[in-house]
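Enquirer: Starting off with a structure, shown below.
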Amino acid sequence: MAKDVKDNPGLDLAARIDALSPRRLSLLTGAFIVILAVLLVFEIHDKSSARRLETELRLEQAASDGAGSMNIAIMTGAPAREALGRMLPGGYSAAYHLSRDGDVLTAAGRTDIVLIPASALRGLDLESRGKANLESPGGRIAAVWRPLDNGEALLLAAPAADMFDRSSPWIVFAVILAAMSVVVISLMAAFIRQSRTAANAAHALTTLTDFNAALAGGRCSPWFYDGKERLVSMSRSLLEPLGLGARDRRFTLREISAIVHPQDLRTALAVFSGEPSGVSEGVVRFRDPGGRWTRTYLRTAPDATRFSRAGLAFDLSGAKAIAPGAAIAETRLKDAIESIPEAFVLWDARGRLAIWNKRFASIFRIPAKMLKPGLTAKDVSTCAGVAGDLLLDHFGPIEGDDAETAEVALPGARWAHISRRKTAEGGSVCVASNVTDLKRRAKAQQKKERELKQTVDDLEASRRDLSETMQKYQYEKYRAEEASRSKSEFLANMSHELRTPLNAINGFSEVMQSELYGPLGDLKYKEYISDILASGRHLLELIDDILDMSKIEAGRLQLEPKKVELEKLLNESARLVAKRAADAGVKLTASVGHAPAVWADARAVKQVTLNLLSNAVKFTPKGGEVTLTAEADLDGVTVIIADSGSGIDRAQLKKLGSPFELAENHFSKSRDGSGLGLALSKSLMEMQGGILALASQPGKGTVACATFPRRKEAKVRLPAFVRKEAWLLTGEPPAPDFAITRAAE
């Protein structure tokens with residue numbers, strides 16, 4: 001069997017294809033799927049670790065933020081359960097207010113899921129900050145606690161694996177693995193089918209090679225007749241020896257009549273076109289360009305129809321003494337050798353050239369007229385020029401009895417698979433198959449494999465870099481949030497600390513101003529007491545604004561939206577500002593008798609209205625006028641506050657709305673104000689799903705508009721008269737309870 005493989009390139013190719021057995025391919029596929037599964041297991045582990053880390057960070061942040069809130073709630077006597085409910089980080093989390101001994105005083109959240117045994121709580125060190133994973137009937141619980149100022153403790157807990165109870169990453173990656181396994185198995189099955197097809201082709205090549213060797217020396221050519229167009233097609237293997245052309249041609253019956261001997265015309269037409277004579281074979285003489293007649297044997301099947309005919313033509317030139325059968329066999333062999341796609345050369349027992357085909361001559365660019373039977377291998381190599389050594393080494397007569405097989409580089413960056421072996425008479429036969437495309441594909445495949453490996457390495461490096469970057473981001477985010485929380489806690493604590501002495505200062509100033517315990521004496525003392533009381537009240541208002549702003553930034557300010565009688569709130573606000581307007585010499589007019597109810601928080605509506613009215617009165621000169629009106633449509637109600645002050649230009653108007661931001665030409669140094677009024681109003685309007693806008697012209701005055709929704713989930717918009725000129729201070733409503741979209745004006 002090994003000897004047959006060496007003698008026949010087709011068998012060698014079939015053996016190499018058979019080496020890729022389905023079992024081996026199945027093992028490779030299984031190994032790939034196992035490696036992929038291992039990689040997915042590592043990825044699942046990373047995702048599970050990330051969820052546990054996220055749960056721990058959220059609990060620590062909520063515990064740190066909630067400790068301050070609980071201290072404030074305990075100090076002010078606010079309900080502890082409400083404070084616990086506001087500090088929950090979301091998901092399946094629970095908050096516990098614990099005593100010094102670890103007993104649960106109050107709890108909020110998903111305590112039905114996050115159920116911690118009392119024994120586990122009593123074993124915690126609640127006097128210092130800490131965290132731990134506790135065992136519970138429902139699984140492991142992540143717990144974070146912070147001590148409170150009164151010795152008690154705040155504890156937040158959630159499932160340690162994932163506080164949001166998201167679907168397991170095993171499910172997603174199992175689906176991915178299954179899908180990729182199906183794709184890989186499908187591709188491998190297709191490759192196995194392709195390999196089997198290639199093996200069949202290789203065996204067919206072996207059969208063709210054996211058939212070509214059996215037809216060596218034959219001279220024949222197929223012909224075809226098109227009954228519809230009445231054309232006869234012949235190949236160059238027959239026409240070239242006759243001198244009728246060096247390519248395949250199609251002849252009309254008239255052209256056939258011109259080159260066939262008159263005595264043989266009837267036979268030729270009967271064989272080609274199927275005339276009623278029933279002749280299916282015969283010897284016909286064709287005329288060459290020199291006027292000589294060449295005998296040719298034509299044959300077709302006896303049952304061929306008139307419209308679908310084909311057959312063979314055998315050149316009998318130079319074989320008058322040879323029987324037609326031998327001539328036909330020789331023609332067949334020669335044409336078969338010329339038709340094979342491989343280069344073919346046969347040397348006789350003396351090492352001289354016997355038979356070759358044009359592909360052999362074209363490989364070494366040898367002119368056809370230089371090759372003749374009887375030439376030695378050295379003579380043929382001389383005709384080949386620079387490739388002569390290659391011809392002698394791999395295409396010449398073989399020495400010894402063993403067959404040889406090799407892959408050789410040919411001129412012109414081509415490759416050939418060469419097979420040589422001895423013939424029965426002692427000669428040598430050589431067949432060369434073109435494997436240039438296979439070589440190029442193999443080289444391209446190797447290049448793609450290197451590129452794929454480099455890509456995989458780059459992806460692994462990128463994944464590591466991304467993981468490090470995410471860890472740094474989480475750390476920096478945690479630091480930034482801690483800094484923001486500390487700032488908010490500092491502002492809230494300082495505001496509370498300042499309010500206590502200020503309340504005392506204001507209270508004693510009011511007692512002294514009322515002269516409750518006797519006269520003060522000099523009138524200057526009364527002026528000083530009035531100044532002290534006014535300054536204290538102003539400072540208290542400023543501290544209240546700062547405290548509210550810090551609550552909003554920390555997300556602790558909770559609104560309670562409901563149906564609110566807007567007319568009543570507007571009238572109350574006007575009455576509160578009326579005295580200030582009268583003292584400033586400003587006329588305040590309120591016309592809100594037709595204002596319908598709105599969906600909002602009553603305290604927030606009143607605070608926004610008071611802030612806007614106070615600004616209008618504060619920055620309207622003596623003798624000016626401030627008006628308060630309301631305009632309603634189907635979706636909202638707009639509170640309109642207009643003043644006749646100096647106004648604000650467009651550039652300065654765009655700066656308003658940020659904390660401590662003042663317009664230079666409007667808020668002069670002689671005016672008292674911190675810039676928090678509009679910032680608070682803006683935040684309160686955004687939390688209620690409303691719109692806050694300002695329209696102003698220098699020298700003419702300012703119009704402030706606050707639009708509230710009339711019902712939950714209503715779309716609000718500004719009135720048409722101010723829509724083009726107004727500058728919107730509010731953005732999109734963030735709270736889900738106030739899902740109101742600002743109109744695109």
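Please treat every number below as a calculation from the coordinates, not as lab data. Here the structure is a predicted model, which means the values were calculated and not measured. Neighbour counts are summed over all protein chains in view; Cβ atoms, including those assigned to glycine, are modelled from backbone coordinates with ideal geometry.
Enquirer: Each residue of segment 140-151 in turn: what ³J(HN,Hα) in whole Hz from Karplus with 6.51, -1.76, 1.60 and θ = phi - 60°, glycine and Pro shown as x?
Expert: For segment 140-151, the Karplus curve yields 6, 10, 8, 10, 10, 10, 9, x, 9, 5, 8, x Hz.
Enquirer: Which lysines, if any, have their Cα less than 24 Å from the Cα of K443, not counting same-chain residues under 8 positions apart?
Expert: K453
Enquirer: Can you pull out the GluC sites (Glu not before Pro) in segment 124-179 that DSSP calls coil and that have at most 12 other Cβ atoms within 10 Å? Spell out each step's value before the answer.
Expert: Working: sites: E127, E135, E152; in loops: E127, E152.
Here the sparse-neighbourhood loop sites are E127.
Enquirer: Note down the relative contact order for segment 118-197 as a percent, whole number, built from C-alpha pairs under 8 angstrom at least six residues apart. Intermediate results must be reported in sequence, preceding the final value.
Expert: Working: 65 pairs, mean separation 14.3, N = 80.
Contact order relative to length: 18 percent.
Enquirer: Which shape class, rounded, prolate or oblate, goes with segment 599-646 when its Cα gyration tensor gives a ≥ b ≥ c as root eigenvalues, a/c under 1.5 marks rounded, and past that a/b bigger than b/c marks prolate?
Expert: Values: a/c = 4.19, a/b = 1.75, b/c = 2.40.
Here segment 599-646 falls in the oblate category.
Enquirer: Computed over the Cα atoms of segment 559-738, what is the convex hull's projected area averaged over all directions, in nm²?
Expert: 9.3
Enquirer: Whose amide H sits under 5 Å from the amide H of T106, counting only residues 5 or more places off or on another chain, with H placed in the peptide plane?
Expert: Residues meeting the criterion, in which the H sits 1.01 Å from N, are H97.
Enquirer: Can you tell me how segment 340-417 classifies by the Cα gyration tensor, rounded, prolate or oblate, using a/c under 1.5 as the rounded cut? Intermediate values should be presented prior to the final figure.
Expert: Working: a/c = 1.44, a/b = 1.05, b/c = 1.38.
Rounded is the answer for segment 340-417, as its axis ratio a/c remains below 1.5.
Enquirer: Going by C-beta contacts inside 10 Å, put Y92, Y528 in order with the fewest on the left.
Expert: On the way: Y92 18, Y528 14.
Lowest count first: Y528, Y92.
Enquirer: Which of the trypsin sites (Lys or Arg not before Pro) found in segment 111-188 are in a DSSP loop and have at most 12 neighbouring Cβ atoms, other than their own, within 10 Å? Present the calculation step by step, with values, prior to reporting the outcome.
Expert: Details: sites: R122, R129, K131, R140, R166; in loops: R129, R166.
Filter output for segment 111-188: R166.
Enquirer: Based on Cβ point charges of +1 for Lys and Arg and -1 for Asp and Glu, what charge dipole magnitude is obtained for segment 1-214 about its Cα centre, in debye rounded to the nearest 20?
Expert: Working: 21 positive and 22 negative charges, 120 e Å.
In debye, rounded to 20, segment 1-214 gives about 580.
Enquirer: Largest first, please: the extent of the C-alpha atoms of segment 1-214 along each principal axis, to the nearest Å.
Expert: 111, 26, 24
Enquirer: Report ³J(HN,Hα) in whole Hz for each residue of segment 336-347, in order, from the Karplus equation J = 6.51 cos²θ - 1.76 cosθ + 1.60 where θ = phi - 60°; Gly and Pro get x.
Expert: 5, 5, 5, 7, 5, x, 9, 6, 9, 8, 10, 10
Enquirer: Still on this structure, please answer the following. For K447, list the lysines whose Cα falls under 30 Å from its own Cα; do not include residues on the same chain fewer than 8 positions away.
Expert: Qualifying lysines at Cα under 30 Å: K439.
Enquirer: Which whole-number percent is the relative contact order of segment 35-163 (Cα, under 8 Å, 6+ apart)? Intermediate results must be reported in sequence, preceding the final value.
Expert: Working: 230 pairs, mean separation 36.2, N = 129.
About 28 percent, as a whole number.
Enquirer: Convert each backbone phi in segment 44-51 into a coupling constant with the Karplus relation 6.51 cos²θ - 1.76 cosθ + 1.60 (shift: θ = phi - 60°), then list the ³J(HN,Hα) values in order as whole Hz, x for Gly and Pro.
Expert: Result, rounded to whole Hz: 5, 4, 4, 5, 5, 5, 5, 5.
Enquirer: So which lysines can K562 reach, going by Cα to Cα under 24 Å and dropping same-chain residues fewer than 8 places off?
Expert: Within the straight-line cut-off, K562 pairs with K551, K606, K682, K712, K715.
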